[in-house]
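Remarks on the structure that follows.
The values are calculated or read from the model by the stated rules, or taken from the named source; none is laboratory data. What you see is a predicted model, and the numbers here were worked out from it, not measured in a lab. Using ideal geometry, Cβ is built from the backbone for each residue, glycine included, and neighbour counts are taken over all protein chains shown.
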Amino acid sequence: MGRTVAIIVAAGTGSRMGGDPKQYRLLSGRPVIAHSHAALARHPGIDAVLVVIGRGQEAMLAKAIGDVPFVVGGASRRESVRNGLEAIAAQGSADSVLIHDAARPIIPASVIDSLLIALQSKAGATPALPVADTIARGSSRGWVPDTLGTLGDIVDRSTLVRIQTPQAFHFDAILAAHRNWPADREATDDAQMLRRSGEEIALVPGDTALEKLTHPDDLALAELRLGAGMISRSATGFDVHRYAEGKPLWLGGIEIPSPVGLSGHSDADVLLHAITDALLGTIGEGDIGLHFPPSDPQWAGAASSRFLEHAASLIRARGGFIDFVDATIICERPKIGPHREAIRQSVAALLRLPVEAISIKATTTERLGFTGRGEGMAAQAIATVRLKGNGA
């Protein structure tokens with residue numbers, strides 16, 4: 001099928017939910033947009049993901065999912081999608097594209113599979129669900145509580161479907177449809193735009209998990225959907241490093257002012273090593289030494305943030321979520337208190353989690369043992385994650 005790119009349209013303000021844009025609200029401990037981005041990025045049929053954001057949302061996107069490709073959208077959804085398509089065209093184009101609304105955070109892989117298969121015979125495809133409820137006309141327009149007017153005629157629902165996203169298209173076809181669309185006319189979705197240009201759009205089975213977040217109660221329902229069929233796992237990690245003169249002291253991904261550092265093959269960040277081992281333990285993936293052998297010279301002096309991000313990516317690749325990390329630094333020196341919050345924020349950023357999901361503590365051993373004698377530093381951590389099914 002060639003190169004496939006997914007576009008996540010995330011330029012809205014979410015005014016009907018109130019407060020911050022809904023794509024950056026927390027859902028199961030992660031921003032809403034992080035869920036759909038992870039689902040698209042890990043699908044084997046998708047080569048790249050491009051996010052279209054609203055003007056001024058750059059910092060929110062970076063906090064939500066890190067350094068990912070993005071473009072700034074326009075005044076309408078149609079203009080935002082057009083900006084995304086033009087950006088892909090300018091960067092070498094694609095053979096096919098999926099266009100998805102960030103307000104639909106849960107994307108079953110089976111829906112993506114069906115869309116890509118449908119593109120083998122059609123220029124476009126969209127997931128759809130049959131309409132189960134009785135449909136009737138009302139005497140007033142729009143959904144305004146307590147002012148819906150009176151009941152009108154029943155509408156035949158036998159041929160009606162509810163359209164969802166992501167929608168999939170041959171790239172050249174949907175780009176042409178957008179370029180030829182009248183600038184003074186808005187469109188309900190991209191599939192209708194391509195259909196009006198004369199192409200047939202395949203309907204593939206949608207999924208109730210793809211429901212759109214529109215009202216505050218929708219977040220609670222999405223929480224239930226995400227929790228269904230998932231299991232919770234916890235695992236611990238522990239690490240020790242001796243002090244060394246003339247070396248920097250790295251803790252939690254930041255350099256701490258100290259007359260001594262820690263000795264190790266990498267940057268010897270004892271805290272990140274303990275957290276990494278805890279995360280690897282939740283999915284039964286051994287320890288740091290298994291993934292980054294100290295005998296391998298390529299890891300000499302390596303930033304331990306790479307180890308932590310690798311462990312987190314393995315969990316996300318299995319459709320899992322990191323719920324909470326609690327860690328304790330054990331040492332006599334230096335004092336951790338003045339740096340605790342900076343460490344906490346650093347770990348949260350590396351794991352792409354809200355800072356509330358990270359707990360960092362420090363203690364001494366009352367001058368007992370090697371840490372008490374000031375010979376080195378230790379750290380222990382426990383991580384709690386949720387995984388699909390049996391975690392396989």
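Descriptive notes on the structure:
- Number of the condition not met by Trp181 [criteria: (1) touching a helix residue (DSSP H, G or I) at 6+ places or on another chain (Cβ under 7 Å); (2) crowded, with 19+ Cβ neighbours inside 10 Å; (3) of a type outside the set (Asp, Glu)]: (2)
- Just one residue in the set Thr371, Thr363 is surrounded by fewer than 18 Cβ atoms within 10 Å (Cβ to Cβ) and among the polar types (S, T, N, Q); that residue is Thr363.
- Residue within the stretch 268-279 that is in contact with an Asp or Glu (Cβ under 6 Å, 6 or more places away or on another chain), over 21 Å from Asp326 (Cβ atoms) and not small (Gly, Ala, Ser) present: no
- Of the listed requirements (1) assigned to a helix (DSSP H, G or I); (2) surrounded by fewer than 18 Cβ atoms within 10 Å (Cβ to Cβ), Thr13 misses just one: (1).
- Some residue of the stretch 268-280 being out of contact with any Leu (no Cβ under 7 Å at 6 or more places or on another chain), more than 23 Å from Gly369 (Cβ to Cβ) and crowded, with 21+ Cβ neighbours inside 10 Å: yes
- Check on Ile343, under 18 Å from the mean Cα position of the chain (by Cα) and either of a type in the set (Val, Ile, Thr) or assigned to a strand (DSSP E or B) (or both): no
- Residue match in the stretch 277-295 (condition: of a type in the set (Val, Ile, Thr), assigned to a helix (DSSP H, G or I) and in contact with a strand residue (DSSP E or B) (Cβ under 9 Å, 6 or more places away or on another chain)): yes
- Some residue of the stretch 107-114 being in contact with a strand residue (DSSP E or B) (Cβ under 6 Å, 6 or more places away or on another chain), buried (at least 16 other Cβ atoms within 10 Å of the Cβ) and modelled with pLDDT of 95 or more: yes
- Restricting the stretch 144-187 to residues that are of a type in the set (Gly, Ala, Ser) and not in a strand (DSSP E or B), the residue that is modelled with the lowest pLDDT: Gly149
- Residues that are modelled with pLDDT under 90 and either hydroxyl-bearing (Ser, Thr, Tyr) or under 26 Å from Asp95 (Cβ atoms) (or both) do occur in the stretch 42-57.
- Pairs where the first residue, in the stretch 275-300, is in the same structural domain as Ser313 (by TED's automatic domain parsing) and the second is assigned to a helix (DSSP H, G or I) and aromatic (Phe, Trp, Tyr), C-beta under 8 Å, 6+ apart: Thr276/Phe307; Ile288/Phe307; His291/Phe307; Phe292/Trp299; Phe292/Phe307; Pro293/Trp299
- Being buried (at least 17 other Cβ atoms within 10 Å of the Cβ), of a type in the set (Lys, Arg) and touching a residue at least 12 places away in the same chain (Cβ under 8 Å) holds for only one residue in Lys212, Lys122, and it is Lys122.
- Qualifying residue in the stretch 24-38 (condition: at pLDDT 90 or above, of a type outside the set (S, T, N, Q), in a loop (DSSP other than H, G, I, E, B) and under 25 Å from Phe169 (Cβ atoms)): no
- A residue that is closer than 18 Å to Lys212 by Cα and buried (at least 16 other Cβ atoms within 10 Å of the Cβ) cannot be found anywhere in the stretch 61-76.
- Residue in the stretch 326-338 that is assigned by TED's automatic domain parsing to the domain that holds Ala278 and part of a helix (DSSP H, G or I) present: yes
- The set of residues in the stretch 304-348 that are in contact (Cβ under 8 Å) with a residue 40 or more places away in the chain, crowded, with 16+ Cβ neighbours inside 10 Å and among the small types (Gly, Ala, Ser) comprises Ser304, Ser305, Ala312, Gly319, Gly320, Ala327, Ser346.
- Test: residue in the stretch 242-252 that is at pLDDT below 90, not in a helix (DSSP H, G or I) and not β-branched (Val, Ile, Thr): yes
- Checking each residue in the stretch 90-103 for being farther than 16 Å from Phe70 by Cβ, modelled with pLDDT under 95 and not hydrophobic (A, V, I, L, M, F, W, C) picks out Gly92, Ser93.
- Count of the stretch 346-373 residues, restricted to those that are among the β-branched types (Val, Ile, Thr) and either in the same structural domain as Asp67 (by TED's automatic domain parsing) or over 18 Å from the mean Cα position of the chain (by Cα) (or both), is 5.
- Taking the stretch 192-209 as the range and being surrounded by 19 or more Cβ atoms within 10 Å (Cβ to Cβ) and closer than 14 Å to Pro130 by Cβ as the test, the residues that pass are Val204, Gly206.
- Residue within the stretch 195-208 that is touching a residue at least 24 places away in the same chain (Cβ under 8 Å), in contact with a Gly (Cβ under 8 Å, 6 or more places away or on another chain) and in a helix (DSSP H, G or I) present: yes
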